[in-house]
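What follows is calculated from the coordinates using simple rules that are stated; it is not laboratory data. Every value quoted in this text rests on a predicted model; they were computed, and no experiment measured them. Every residue, glycine as well, gets a Cβ built from its backbone with ideal geometry; the counts of neighbours run over all protein chains shown.
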Amino acid sequence: MIFFGWGRKNKTQQLGTHQALILSFNYFHLFWLFRVAFGLRYSVATLTDEGWATRPLSPAEVEAGGPTTELTLHWWWRFGLLIAIAAVVVIATLASIT
């Protein structure tokens with residue numbers, strides 16, 4: 001949609017030739033610019049003879065992997081819509097005071 005939308009996306013980071021780290025998340029956006037992401041889930045995908053096999057991971061398991069497995073969302077993608085709403089509230093409050 002042009003004005004608003006929602007859905008589910010994945011970000012992937014290659015760990016090796018046969019493994020990938022996957023970050024899945026849900027999102028809601030206004031005008032593609034103001035977005036809030038929620039429901040972040042990590043999993044690891046391993047290439048087998050029969051295709052890709054995935055296994056869910058906890059954030060603690062991902063952090064234990066070290067800096068090479070650092071896969072996150074930018075703060076604006078996670079909280080941009082909430083920051084925009086807070087800015088509107090602050091501006092409206094300041095406008096009503098003066």
Which percent of the Cα-Cα distances in region 4-97 go past 17 Å? 59
For region 81-98, just list the computed ³J(HN,Hα) in residue order, Karplus coefficients 6.51, -1.76 and 1.60, θ = phi - 60°, integers in Hz, with x standing in for Gly and Pro. 5, 5, 5, 5, 5, 4, 5, 5, 5, 5, 5, 5, 5, 5, 5, 7, 6, 8
If the chain between HIS74 and THR48 were fully extended at 0.36 nm per residue, the gain over the current Cα-Cα distance would be 6.2 nm
Ordered by packing density, taken as the mean number of other Cβ atoms within 10 Å over each peptide's residues, highest first, how do 9-21, 33-45 rank? 33-45, 9-21
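Given contacts defined as C-alpha pairs under 8 Å and at least six residues apart, what's the relative contact order of region 4-97, whole-number percent? Could you put the intermediate results ahead of the total?
Values: 147 pairs, mean separation 22.9, N = 94.
Reported as a whole number, the value is 24 percent.
Under a point-charge model restricted to the Cβ atoms of Lys and Arg (+1) and Asp and Glu (-1), what is the dipole moment magnitude of region 4-97 relative to its Cα centre, in debye to the nearest 20?
Working: 7 positive and 5 negative charges, 75 e Å.
Here region 4-97 has a charge dipole of around 360 debye.
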